[in-house]
Amino acid sequence: QAQSDGRRLYRFYTPALNEQLLEQFQLEQALRHGLEHDELMLYYQPRVDIRSGEILSLEALVRWNHPEWGLVEPARFIPIAEATGLILDLGPVVLRAACKQIKAWQEAGVPIVPIAVNLSAKELYQDALATRIAEIMTAASVDPHQLEIEITESATMHSVAKAIEILTALRSLGLALSMDDFGTGHASLSYLNQLPMQTIKIDRSFLTKIGGHTEKGADQHATIVKAIIGLGLNLGLKIIAEGVETASQRDFLIEHGCDVGQGHLFSLPLPAEKIEPLLRSGSVPPTLH
Ligand code: C2E
Ligand code: MG
Ligand code: MG
Ligand code: MG
């Protein structure tokens, strides 16, 4: 009986699915090991005044420096960390690393700017998040105004009332909050007004088609970007454009009232030692475009 059940069940597991599960499991085990052995590190990407290149803040982007696989991108392991709950261990590691970097730069006399740290949905809704974050900041003696939290629009939508409560608690710690990947998460406009965010970040996907005049969908995307900028400005929010890659995208943003951006046009995400000289000079090198 059991055997025939087993056989019937087995039919649903294609080799490809087995392989995928196995790979996920191995990745999870490896990540757990990596977290315990200090294999995670932060890269930083400047957010700049897109006219002058002045560095206004940095976004911390986690990388996994695996001894055999080399540098693993977050797209490979953040979803797995989320699905398995490991993100609840990873989050504090990232926040502590950012705090440690702030202190290190401060002590070295590097002119620092605020560092934005990404929080995933699962982290956002965990119990006593604000207390946990406050404890980490206190232990590192980092001031809340030196940090910022990025939460995706879709994360805030899981449970809006709860999100408002949690974000309000983070805000009252003195942390700045920004809404990441805006435009992809179907946030109702009425909620946008209720969430205590200071900044919205226009999702990179809307910018990709802008500037190359012949590209299909460019007009539509330009309309969306203009609408987001207009909406944000009218609500008194700061706006950051993600994924600025070309001079024509930058010019489009300037023309429509968005003054802050991050993207490969200005700087790739870089390890701390490569960010340090940029912080000392105060701006990213002028682009040649
Ligand atoms: P995100 O927060 O939206 O970060 C922006 C992503 O866009 C980064 O990818 C960045 O490297 C990339 N990017 C920036 N400028 C450009 C550009 O001009 N062109 C292109 N093609 N890409 C650009 P990254 O570092 O691979 O991170 C991917 C995502 O992983 C992040 O998206 C964020 O959602 C998540 N993530 C990264 N670090 C953390 C973390 O510490 N905690 C959590 N929970 N999530 C993280
Ligand atoms: Mg982000
Ligand atoms: Mg983003
Ligand atoms: Mg994103």
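For the pair the stretch 64-118 and the stretch 236-254, the centres of their Cα atoms are 25 angstrom apart.
List, in the order given, every pair from 122/162; 238/274; 201/238; 216/238; 201/226 whose Cα-Cα distance in the structure shown is over 20 Å. Among 122/162; 238/274; 201/238; 216/238; 201/226, the Cα-Cα distance tops 20 Å for 238/274; 216/238. Rg over Rh for the stretch 12-134 works out to 1.05, both radii taken from alpha-carbon positions and Rh defined as the Kirkwood radius.
Could you give the alpha-carbon Rg of the stretch 158-289 over 2.2 N^0.38 Å, rounded to two decimals? Kindly include the intermediate steps, with their values, before the conclusion.
Working: Rg = 16.3 Å, N = 132, 2.2 N^0.38 = 14.1 Å.
That works out to 1.16 for the stretch 158-289.
Remark on the stretch 134-197: hydrodynamic radius 12.3 angstrom, per the Kirkwood mean of 1/r across alpha carbon pairs. Our coupling estimate for the stretch 165-181, obtained by passing each phi through the Karplus curve with A = 6.51, B = -1.76, C = 1.60 and θ = phi - 60°, is 4, 5, 5, 5, 5, 5, 4, 6, 6, x, 7, 7, 10, 10, 9, 8, 6 Hz, Gly and Pro reported as x.
Assigning unit charges at the beta carbon (Lys, Arg +1; Asp, Glu -1) and nothing else, what dipole magnitude in debye, to the nearest 20, does the chain show about its Cα centre?
Working: 24 positive and 35 negative charges, 67 e Å.
My answer is approximately 320 debye.
Rounded to the nearest 500, what is the chain's calculated 222 nm mean residue ellipticity when only DSSP H runs of at least 4 contribute -39500 (n - 2.57) each, over all residues? Don't jump to the answer; show the numbers that get you there.
Values: 13 runs with 142 residues, N = 289.
Calculated mean residue ellipticity at 222 nm is -15000 deg cm²/dmol.
Of the solvent-accessible surface of the chain, computed with a 1.4 Å probe and all protein chains present, 54% belongs to carbon and sulfur.
The heavy atoms of residue 122 offer some 90 square angstrom of accessible surface to a 1.4 angstrom probe. Backbone phi angles across the stretch 62-71, fed through the Karplus curve with coefficients 6.51, -1.76 and 1.60 (θ = phi - 60°), yield HN-Hα couplings of 6, 10, 10, 8, 7, x, 9, 7, x, 6 Hz in residue order; Gly and Pro are listed as x. Compared with the dominant principal axis of the Cα atoms in the chain, helix 87-107 is inclined by about 40°.
Accessible area per residue for the chain is 52 Å², calculated with a 1.4 Å probe on protein heavy atoms, without ligands, DNA or RNA.
The convex hull defined by the C-alpha atoms of the stretch 124-233 has an orientation-averaged projected area of 7.7 nm². Close amide H pairs (under 5 Å, H built 1.01 Å from N) link residue 241 with 202, 260, 261, 262, residues at least 5 positions away or on another chain. Annotation: residue 131 carries an accessible surface of approximately 80 Å², with a 1.4 Å probe and no ligand, DNA or RNA atoms counted. Within the full protein context, the accessible area of residue 110 is estimated at about 10 Å² for a probe radius of 1.4 Å. Taking the inverse of the mean reciprocal distance over all distinct Cα pairs, the Kirkwood hydrodynamic radius of the chain comes to 20.5 Å.
The values are calculated or read from the model by the stated rules, or taken from the named source; none is laboratory data. Note that the structure is a prediction, hence the values are computed from the model and not measured. So basically every Cβ, Gly included, is an ideal-geometry build from the backbone, and we count neighbours across all protein chains shown. Ligands, DNA and RNA are stripped out before the accessible areas are found, and what is left, the full protein with its side chains, is counted by its heavy atoms. Shrake-Rupley method; radii C 1.70, N 1.55, O 1.52, S 1.80 Å.
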